[in-house]
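Shown next, in structure tokens, is the structure this report addresses.
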Ligand SMILES: [Zn+2]
């Protein structure tokens, strides 16, 4: 028996698996206190607290659509060395929490990693008997070809980053070697009503998923933005990024798409209520924590 969905999107059902959370400060997003105050009413209490902080949540989405089960962004994973101590050698009951939703890893039909940073593809694999083996043995893993090539050290101009050391080898290649990966282009239909679209910038091959079920639409936007203030001012960067201009342009496009389709915008890292909605308001946009 599966648990009650956290959200119904038309006929589709959404469930959530949390791996961990880290307290953060909005000062890492913007130092503009006037700007923060102007947005406090819709950000509070989920996306801003009284001390101008918020929790970055590391979570996966389990989407049930058209009778198929899709996992989006399988977090960091256990047993992996990491340069940042809060991610180093995690030993967290992610699989137990996953199974508590009523879905077992064997039930998953598709795994979609919006990109190949450690916190979006870790549980692609698990360490078993000294080997990295696919966690979702019956799934097709959907990897954007551009992203796959971005992390291949043989690609000309390859640039690694310290926080992603070894991720490609532990969480991506073993899936390829098991024959479970499909390298997909800039627009890929997964199922009727579910399409993966290029959303580059945060990483060169970053992608997002668009869902349409009945009248309801949603964008699973990964790390197109981290904090919703970046939707209000798309030029705000958060953390490291492959291509700042492309990331800004992609955020702008997401805001327009979200406004024009009344879509739920469902990113990777937001705490409760987890989602944002946007509508056109005169020449600008108005946002709400959905
Ligand atoms: Zn992330």
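The values are calculated or read from the model by the stated rules, or taken from the named source; none is laboratory data. Fair warning: this is a prediction, and the values are worked out from it, not measured in the lab. Ideal geometry is used to build each Cβ from the backbone, glycine not excepted, and the neighbour counts take in all protein chains shown.
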(request) Can you tell me which residue among 21, 68, 97 is farther than 21 Å from residue 236 by Cα, touching a residue at least 12 places away in the same chain (Cβ under 8 Å) and within 15 Å of the ligand (Cβ to nearest atom)? (result) 21
(request) Within segment 235-251, identify whether any single residue is free of Cβ contacts under 8 Å to residues at least 40 places away in the same chain and more than 24 Å from residue 119 (Cα to Cα), and answer yes or no. (result) no
(message) Give me the residue from segment 255-290 that is touching a strand residue (DSSP E or B) at 6+ places or on another chain (Cβ under 9 Å) and at positive phi and, out of that set, surrounded by the most Cβ atoms within 10 Å (Cβ to Cβ).
(response) 274
(request) Could you please tell me which pairs satisfy a Cβ distance under 7 Å, a separation of 6+ or placement on different chains, a first residue in segment 213-228 that is at positive phi and within 11 Å of the ligand (Cβ to nearest atom), and a second residue that is assigned to a strand (DSSP E or B) and at pLDDT 95 or above? (result) 222/208; 222/267
